[in-house]
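Engineer: Quick one: the structure is below, and I'll ask about it shortly.
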Amino acid sequence: MSSERHQLLDLLNKRFGRSSGVFTSRAATAIYLLLVALARPGTAVAIPAITCPAVAYPVFLAGYVPVFCDVNLADFNITRESLEALSTDRPISVVIAIHSFGHRLETGSIREWCDENRAFLLEDVCQIFGDADFDARGNAVLVSFGHTKPVDCGYGGALHSNDKDLIGEVERVSRDLPLKRDLDEAYRVTYYQIRKLYRKYPVTRSLAGALVEPFADTFIHSANFEHGFFSNVLAKLNRLEDAIAGRRVKAAIYAEAFANLPVRLPDSRIGSVPWRFTYLTERIEDCQRLTESLREANFHASNWYPSLAMDFGHDTDSLPVATRFENSVINLWVDETVDTETVERAARHVAAFWG
């Protein structure tokens, strides 16, 4: 093991309060490896209905059954109450709890539910990574160094646990992974085409979930870390505190400017490491009009994430918040790609939208 690799592994173990860790090609691969290592195929994995599809794909590929959990309006995350509301005829053996959008989960009560139900808690800190006051409560902790994450190195992930044997099994399983096929662009093009298609023809919605098999190697593959990868992560970790401070300043500008607008903001106590400034329009019909208006004015805006339950043909009647979220969410950039002047102009633009 190179000195930089060893140094980074030790640093992450200490940060998450864990004794063992392993690097993977991406966070989705780590989810797959963990599920295979746990050897509970056929059981259910609870995941947020609002998250990246790359979380659901490895669940299918590892032979588990995803159960989609509703989020709440306070911080757009799952809660113990939403776990208790799940209806499934299979035992839930794993819960993937994600600190979505950089909003801190109530992990204490979620861990209690998992312990009571003998479920393994995988805590995904990919979007909150860097919060100095963060206290991981999962049986395992997942971090990503991929695109748009707080530490963005383009790829790579890590899995940490106090179970040395589990991490050893993850490493053993990883040796059998295929090499990555260069299908990233093909996947993106196909996925966005489907997104446009099902907005016009809702019956095609399940095509998004069907991408799991043809693009399996895009999400599940062996690690091939380039020279300098670990030193690059370490360098970005050294600058992370300043980067997070900048994100918080920009998010605060939006929060103050939007306080009296017809939008739903996350609770002010939330937002430890803003991934984006994420909010909901009160009226669904305003969402796409405002998004298009922002883009026409050359401001970055996105509408992530759609409800995964719909992509995979699951019942959505028990997911009212996820459905509302999908139809009214807008994300505005607060990372290093925008400066405070741009954020202030975007905030004025949004305020002017409602006159």
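The values are calculated or read from the model by the stated rules, or taken from the named source; none is laboratory data. What you see is a predicted model, and the numbers here were worked out from it, not measured in a lab. All Cβ positions, even for glycine, are placed from backbone atoms using ideal geometry, and neighbour counts span all protein chains on display. Ligands, DNA and RNA are stripped out before the accessible areas are found, and what is left, the full protein with its side chains, is counted by its heavy atoms. Shrake-Rupley method; radii C 1.70, N 1.55, O 1.52, S 1.80 Å.
Engineer: Per residue, how much accessible surface does region 304-355 expose to a 1.4 Å probe? Answer in Å², no decimals.
Structural biologist: Accessible area per residue, region 304-355: 43 Å².
Engineer: Packing-wise, with mean Cβ within 10 Å as the measure, how do 196-207, 75-86 rank, highest first?
Structural biologist: Ranking the peptides 196-207, 75-86 by packing returns 75-86, 196-207.
Engineer: Would you mind getting the Kirkwood hydrodynamic radius of region 160-203 from its Cα pairs, rounded to one decimal in Å?
Structural biologist: It is 13.9 Å.
Engineer: Restricting the calculation to Cα positions, tell me the Rg (one decimal) and the Dmax (whole number) of region 196-242 in Å.
Structural biologist: Cα-based Rg and Dmax for region 196-242 come out at 18.9, 48 Å.
Engineer: Please report the antiparallel percentage of DSSP beta bridges with both residues in region 119-181, rounded to the nearest 5. All intermediate terms of the calculation are to be shown ahead of the outcome.
Structural biologist: On the way: 5 of 8 bridges.
Antiparallel bridges make up about 60 percent of those DSSP assigns within region 119-181.
Engineer: Can you list residues from other chains, or at least 5 along the same chain, whose modelled amide H is less than 5 Å from the amide H of residue 264?
Structural biologist: 280, 281, 282
Engineer: Roll a 1.4 Å probe over the protein chains and send me the accessible area per residue for region 212-278 in Å².
Structural biologist: 50 Å²
Engineer: Right, something else. Sort 175-185, 87-97 by packing, meaning the average of other beta carbons within 10 Å per residue, with the highest value first.
Structural biologist: 87-97, 175-185
Engineer: Follow-up. If you place +1 on the Cβ of every Lys and Arg and -1 on the Cβ of every Asp and Glu, how big does the dipole about the Cα centre of the chain come out, in debye to the nearest 20?
Structural biologist: 420 debye
Engineer: Hey, another quick one. Restricting to DSSP H runs of at least four residues, report the calculated mean residue ellipticity at 222 nm for the chain, -39500 (n - 2.57) per run over all residues, nearest 500 deg cm²/dmol.
Structural biologist: The per-residue figure over the chain is -12500 deg cm²/dmol.
Engineer: For all pairs of alpha-carbon atoms in region 1-151, what percent lies in each bin of width 5 Å, listed from the first bin to the last filled one?
Structural biologist: The percentages, shortest bin first, are 2, 9, 20, 24, 22, 14, 7, 2, 1, 0.
Engineer: How large, in Å, is region 136-251 by the Kirkwood hydrodynamic radius built from its alpha-carbon pairs?
Structural biologist: It is 17.4 Å.
Engineer: Percentage of Cα-Cα pair distances in region 223-355 greater than 25 Å, rounded to whole percent?
Structural biologist: Of all Cα-Cα pairs in region 223-355, 37 percent lie more than 25 Å apart.
Engineer: Provide, for q = 0.10, 0.17, 0.22 Å⁻¹, the log10 of I(q)/I(0) from a solvent-free Debye sum over equal Cα point scatterers in region 64-163.
Structural biologist: Each listed q corresponds, in turn, to -0.27, -0.78, -1.22.
Engineer: Percent relative contact order of the chain, based on C-alpha pairs within less than 8 angstrom and at least six residues apart?
Structural biologist: This gives 21 percent for the chain.
Engineer: Next up: Among DSSP beta bridges lying fully in the chain, give the percent that are antiparallel, nearest 5.
Structural biologist: Working: 19 of 35 bridges.
The antiparallel fraction comes to roughly 55 percent.
Engineer: Okay, next question. Along each of its three principal axes, how wide is the spread of alpha-carbon positions in region 25-89, in whole angstrom units, largest first?
Structural biologist: The principal-axis extents, from largest down, are 33, 29, 15 Å.
Engineer: I've got another one for you. Ignoring ligands, DNA and RNA, what percent of the 1.4 Å accessible area of region 153-227 is carbon and sulfur?
Structural biologist: Carbon and sulfur atoms account for 52 percent of the accessible area of region 153-227.
Engineer: Follow-up question, since we're still on this one. Check which residues have an amide H placed less than 5 Å from residue 19's amide H, if you skip close sequence neighbours.
Structural biologist: Long-range HN contacts for residue 19: 161, 162.
Engineer: Find, to one decimal place in angstroms, the Kirkwood hydrodynamic radius of the chain, where the mean of 1/r is taken over every pair of different Cα atoms and then inverted.
Structural biologist: About 20.8 Å, per the Kirkwood formula over Cα pairs.
Engineer: If you count, for each residue, the other Cβ atoms within 10 Å and average over each peptide, how do 209-218, 56-65, 246-255, 42-51 line up from highest to lowest? Please report the intermediate quantities before stating the final value.
Structural biologist: Working: 209-218: 16.6, 56-65: 21.0, 246-255: 18.9, 42-51: 23.9.
In descending order of packing, they fall as 42-51, 56-65, 246-255, 209-218.
Engineer: Per residue of region 95-112, in order, report the coupling 6.51 cos²θ - 1.76 cosθ + 1.60 (Karplus, θ = phi - 60°) as ³J(HN,Hα) in whole Hz, putting x for Gly and Pro.
Structural biologist: Residue by residue, region 95-112 yields 10, 9, 9, 10, 7, 5, 6, x, 8, 6, 6, 7, 6, x, 6, 5, 5, 4 Hz.
Engineer: Under 5 Å between amide H atoms, partner at least 5 residues away or on a different chain: which partners does residue 67 have, H built in plane at 1.01 Å?
Structural biologist: Counting only residues 5 or more places away or on other chains, the set is 45, 46, 47.
Engineer: Keeping every protein chain present and rolling a 1.4 Å probe, give me the accessible area per residue for region 39-151 in Å².
Structural biologist: That works out to 32 Å² for each residue.
Engineer: Please work out whether region 311-355 counts as rounded, prolate or oblate from its C-alpha gyration tensor, where a ≥ b ≥ c are the square roots of the eigenvalues and a/c under 1.5 means rounded, while otherwise a/b larger than b/c means prolate and anything else oblate?
Structural biologist: Note, shape of region 311-355 comes out oblate.
Engineer: Using only Cα atoms, find the angle between the long axis of helix 27-38 and the longest principal axis of the chain, and express it within 0 to 90 degrees, rounded to the nearest 10.
Structural biologist: Helix 27-38 sits at roughly 40 degrees to that axis.
Engineer: If you roll a 1.4 Å probe over region 260-329 with all protein chains in place, what percent of the accessible area is carbon or sulfur?
Structural biologist: Exposed carbon and sulfur together represent 44 percent of the surface.
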